[in-house]
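Novice: Before I ask anything, let me first share the structure, which is written out below as structure tokens.
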Amino acid sequence: MLAVQLAALLDGDPEGAGEALDLVTGFDDALVHGLARLAEERAEALAALAGAFADTPIGGRLAEAAAGVASGSITEDHLTALAGGRAALLGAVHDALLADLDAALGRERAPWSAGPEPEDDEGGPLGGVRSWLRELAITGWRGVDHDLVSAADQVVEALLAVPGRRRLAVLLDGLAAELRASCPIGTMEHLPVRRWADLWTRAVLLSHDAVPSGAPRPAETVSGRLLILGVDVHEHGTAVQFQVHAVLEPTGGGRPRLVRTGVTVAKVDTITGPAVWKLPHRHGALLTALADRRCLDVTDLPLLDSGDLLWDDDRALPGKPADPFTTARLHLAGALAPAVPPLDRVPVRVAEPVLVEDYRVTKDGSFDLGGGVLAVDTERLPACGPLTPKLVAGSTACVGLIRWDGGRWLLQPLAVQAKAKKETVEVATGDWALGPTDPKAVKAEARAGDPVAVLRERAGRLLRK
Amino acid sequence: MIERSPGGGAVREHLSRVRVVPPVQPRKLAKVPFVELADGRLQGVVSSGSDISRVYVSSIAAGTHAYNCSTNNNRPCGGLYGAPCKHLRALAAEAVLQYGPGRVARYLRADVPEGADLIDCLDGAHEPAPAAMVFSRFLRHLAYLEVPDTGVPIPELHWFPASGTVA
Ligand SMILES: [Zn+2]
């Protein structure tokens, strides 16, 4: 990312984004206090949200939902309509943000074309999910107590047993854990208002009957060389996702494509830090490529319409050494970016790989490129890797993801280059994929023992009694 | 960085990717495989030192500090002689490692002077508590390790960025 590109990106918010976000904020505020006791101004906020869609096909349903909820008729249908309205507003914000980002980076994005319908629907306890979400909305975050949170446990357990409902299960488990840890919420000073409304909205949409749950079917299968840019790690108490950003060079030539791939594993909260890398042990090729900075030769990997490769370690072999900075320099300018499926158009999913160089690190850790200052999100460096805020602050080049949150653009580092004793060293989030390499981290790991092995032993002895 | 930016808490209200649950610290799980602050108690499971297939369920109630320890089959722990047994001491010590002393003391509403052990600062008495429920929560906890991994992308996890453990 060049100074002039950053300057273009920072040059004003997308048109209309402010107004859309104000409507979202009004709705989110209603969820704080609960829909059961809507004060007049919150009823007006719902009406305003509905009003934004007055001239659209969903305008009528939304107006009815806003009026219904204001008069105390809080039905699942009304909530679905309002969640749909909120999601549509944020979808528009997402599209505008991504368009601005693509324009600034000169990145071309493939047009959207839907892949085949997913396999058969797997059902799952959707009624239970919807009634829990309705209770939350009626009660409001301020009124949530232990009993209401605990009611989610059974629902999550049932969802986890249905493979096609993994997304919903992981989402609800994360939300419930936050509500549990925040109880009593009534006395909390600052609630994560936008966040919880995001998660609630998402859950309402994913628990709708019209959203298919079966295994996704690929739009095509691809073969070629996968050049890794870095791994973005997502984690809450009971799940961790290793999302790899890479450039795919198709076999036989053709334009390189930006793709995402990865693995999600279930875990528990005490499996944390570098120990989380023990969980995806089945995926040796992927882990080796990350740890040893090698490319992957892949054969017939399914590619989804979202630009995600469905990872299958049996169809991949670690290949030649490949350095993320070289990959970024060679390919980021020309690779074709994937379209974003409609349901995934949310601002938090914006995570575009970039290479940033020629910056001065400011006092607060931001990168000053001359033409503008890019904030760096050093609180999102995963504890399972060696990348630290100090390394980022001392770096001379960075491969990272451009994200947007709270009204501003941010850089989330995935790998940095730094000068140490005349030599250039590289540190990346995936360096410890086969275990820590830093002596201090090795010692710390030895001290903590192997939590995965301990819990597996306990599970083997106690679970099937 | 974001949490410390101007406006602090107010900014937090408009962030989607903010961390809400403080991270837990890694610890050795061999002796006390399960600890949680839930249902108004510090509760957990302690492996027996002598019989590998036996575990003790130990708990301390918030506020009253009433404590209990029994086997998972609800047989009272032989180590409770008017004071917390070694299992309860281990539970408290491991909870402090996992959550940090401040969070555990706040949850239990305990006054722990600097340098003192949490378990010595509780003034509750032995009171029976349901062991079966805690044990079944432990089994549910272990069951996560049996959930298969998946290559299907989970976009929802973008709301849950991993972050550095706070030393
Ligand atoms: Zn005992």
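Rule-based calculations on the coordinates, nothing more; no lab input. Fair warning: this is a prediction, and the values are worked out from it, not measured in the lab. Every residue, glycine as well, gets a Cβ built from its backbone with ideal geometry; the counts of neighbours run over all protein chains shown.
Novice: Considering only C-alpha atoms, what is the centroid distance from the stretch A:36-85 to the stretch A:340-403, in Å?
Specialist: About 38 Å separates the Cα centre of the stretch A:36-85 from the one of the stretch A:340-403.
Novice: Looking only at Cβ-Cβ distances, which cysteines of chain B have no other cysteine closer than 4.7 Å?
Specialist: B:Cys85, B:Cys121
Novice: Roughly how crowded by other chains is peptide B:51-62, in terms of the mean Cβ count from those chains within 10 Å of each of its Cβ atoms?
Specialist: The per-residue average across the peptide is 1.
Novice: Hey, what did the stretch B:21-167 get for relative contact order, percent, Cα under 8 Å, at least 6 apart?
Specialist: 25 percent
Novice: Subtract the Cα-Cα distance of A:Lys363 and A:Ala114 from 0.36 nm times their separation in residues, and report this length gain in nm to one decimal.
Specialist: Here the answer is 85.1 nm.
Novice: To continue, here is another question. A:Thr56 to A:Ala151: FRET efficiency via 1/(1 + (r/R0)^6), r the Cβ-Cβ distance, R0 41 Å, to the nearest 0.05?
Specialist: 0.70
Novice: A further question on this structure: Once the other residues with Cβ under 13 Å from the Cβ of A:Leu199 are scored (Lys, Arg +1; Asp, Glu -1), what is the net sum?
Specialist: Net charge around A:Leu199: +1.
Novice: Let me know the shape class of the stretch B:8-167, please: from the alpha-carbon gyration tensor, a ≥ b ≥ c as square roots of the eigenvalues, rounded when a/c is under 1.5, otherwise prolate if a/b is greater than b/c, or oblate.
Specialist: oblate
Novice: On full extension of the chain, what length is gained from B:Met133 through B:Ala116, given 0.36 nm per residue of separation minus the C-alpha to C-alpha distance?
Specialist: The B:Met133-B:Ala116 span can extend by a further 3.0 nm.
Novice: Further question on the same structure: Ranked highest first by the average count of other Cβ atoms within 10 Å around their residues, in what order do B:14-22, A:196-204, B:140-148 fall?
Specialist: A:196-204, B:14-22, B:140-148
Novice: While we're on this one: Along Cα→Cβ, 7 Å out, is where each label goes; now give me the distance between the ones at A:Asp209 and A:Thr75 in nm to one decimal.
Specialist: Rounded to a tenth, the inter-label distance reads 1.3 nm.
Novice: Considering every residue in A:442-454, what mean count of other chain Cβ atoms within 10 Å of its Cβ is obtained?
Specialist: Average neighbour count from other chains, rounded to a whole number: 3.
Novice: Another question, if that's okay. Rounded to the nearest 500, what is chain A's calculated 222 nm mean residue ellipticity when only DSSP H runs of at least 4 contribute -39500 (n - 2.57) each, over all residues?
Specialist: -12500 deg cm²/dmol
Novice: Rank by packing, highest mean first: peptides A:37-49, A:89-101, with packing defined as the count of other Cβ atoms within 10 Å averaged across residues.
Specialist: A:89-101, A:37-49
Novice: Just tell me how shielded A:273-282 is by partners: mean number of partner chain Cβ atoms within 10 Å of each residue's Cβ, no decimals.
Specialist: Averaged over the peptide's residues, the number is 2.
Novice: Now for a different question. Can you work out the FRET efficiency for the pair A:Lys422 and A:Arg329, with r the C-beta to C-beta distance and R0 = 22 Å, to the nearest 0.05?
Specialist: Approximately 0.50, to the nearest 0.05.
Novice: Can you run phi through the Karplus equation (6.51, -1.76, 1.60; θ = phi - 60°) for the stretch B:134-147 and list ³J(HN,Hα) in whole Hz, with x for Gly and Pro?
Specialist: Per residue, the Karplus-derived 3J(HN,Hα) values read 5, 5, 6, 5, 5, 5, 4, 4, 5, 5, 4, 6, 9, 6 Hz.
Novice: Relative to the first principal axis of the alpha-carbon coordinates of chain A, what is the inclination of helix A:439-448, with its axis defined by its Cα atoms, in degrees from 0 to 90 and to the nearest 10?
Specialist: 50 degrees
Novice: Hey, another quick one. Of all trypsin sites (Lys or Arg not before Pro) in the stretch A:395-444, which ones are in loop regions per DSSP and have a Cβ with at most 14 other Cβ atoms within 10 Å?
Specialist: Passing sites in the stretch A:395-444 are A:Lys421, A:Lys422.
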